[in-house]
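One structure, pasted below without further comment.
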Ligand code: DX5
Ligand code: ZN
């Protein structure tokens, strides 16, 4: 099933409630970008944001940890209400231990790779992760253009995921718009992150609806 995970990095937080309500019919997940100013040169979304939205929303909270020490952040974000905790393969020497620690908290575990990291960094963990996140921009900022060089990773991961027979979301994140989303889903991505394409649009509901239709190849 193809689903949207709108990135709240591009949300106007003053208008958070009305903007989120507009896109809820199209998006069973919400994507929270957590940035520490070290792993990426930007700061974003702390656990207080997750906690305050969790009190009102029952969507799947998809937390993307772009931080240097993900092991220090899994407990606070789990407590705040995350459902999925995704860390970067580049940020840990022991991805297996981190996956186990996330599962021990009763949460789903995701692993992500930056544009220059090969899929081999993920393959050894397909027997235990719940989500794989392929970055299609350099992490750190919303509103960047998708890097075509990242696309070849998606069919490789799709094939390897299918071989496992396990349920693993194959998420793509960065630079995804109405006019390129089909490329990603036709290669095998089934969870689509979009920030600026939704929240910077004049009509976020229409943008989310069109993105989802295009993602599914419906016109
Ligand atoms: C980038 C973040 C993305 C970002 C996507 O580091 O991981 O989730 O918000 O934003 P857009 O869709 O605008 O590229
Ligand atoms: Zn993200």
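What is the fewest-to-most order of 186, 10 by other Cβ atoms lying within 10 Å of their Cβ?
186, 10
Which residue, 194, 55, 101, tops the fluctuation ranking in a GNM of the chain built on C-alpha contacts under 10 Å?
Checking each option, the largest mean-square fluctuation is seen for 55.
Of all DSSP beta bridges in the chain, what percent run antiparallel (nearest 5)?
Given both bridge residues lie in the chain, the antiparallel proportion sits at roughly 5 percent.
Under a 10 Å cutoff between Cα atoms, tell me which one of 130, 83, 179 has the largest fluctuation in the Gaussian network model of the chain.
179
Can I ask one more? Which value in Å is the Kirkwood Rh of region 3-215 over different Cα pairs?
Mean inverse Cα-Cα distance, inverted, gives 16.9 Å.
Do the sum for the chain: with -39,500 (n - 2.57) for every DSSP H run of n ≥ 4, divided by all residues, what is the mean residue ellipticity at 222 nm, to the nearest 500 deg cm²/dmol?
Computed mean residue ellipticity for the chain: -8500 deg cm²/dmol.
Related question: May I ask you to sort 64, 56, 88 by Cβ crowding, counting other Cβ atoms within 10 Å and putting the fewest first?
Ordered by Cβ neighbours within 10 Å, fewest first: 56, 88, 64.
Of 106, 175, 195, which is the most mobile in a GNM of the chain whose springs link Cα atoms less than 10 angstrom apart?
With Cα springs under 10 Å in the chain, the top fluctuation among 106, 175, 195 is at 106.
Oh, and also: Test of understanding: ordering 159, 19, 93 by Cβ neighbours within 10 Å, fewest first, what list do you get?
Taking fewest neighbouring Cβ atoms as first place, the list is 93, 159, 19.
Starting with the highest mean, order 135-142, 11-18, 151-158 by the number of other Cβ atoms within 10 Å, averaged over the residues of each peptide.
135-142, 151-158, 11-18
Values in this text are rule-based calculations from the coordinates and carry no lab data. These numbers come from a predicted model, not from an experiment. So basically every Cβ, Gly included, is an ideal-geometry build from the backbone, and we count neighbours across all protein chains shown.
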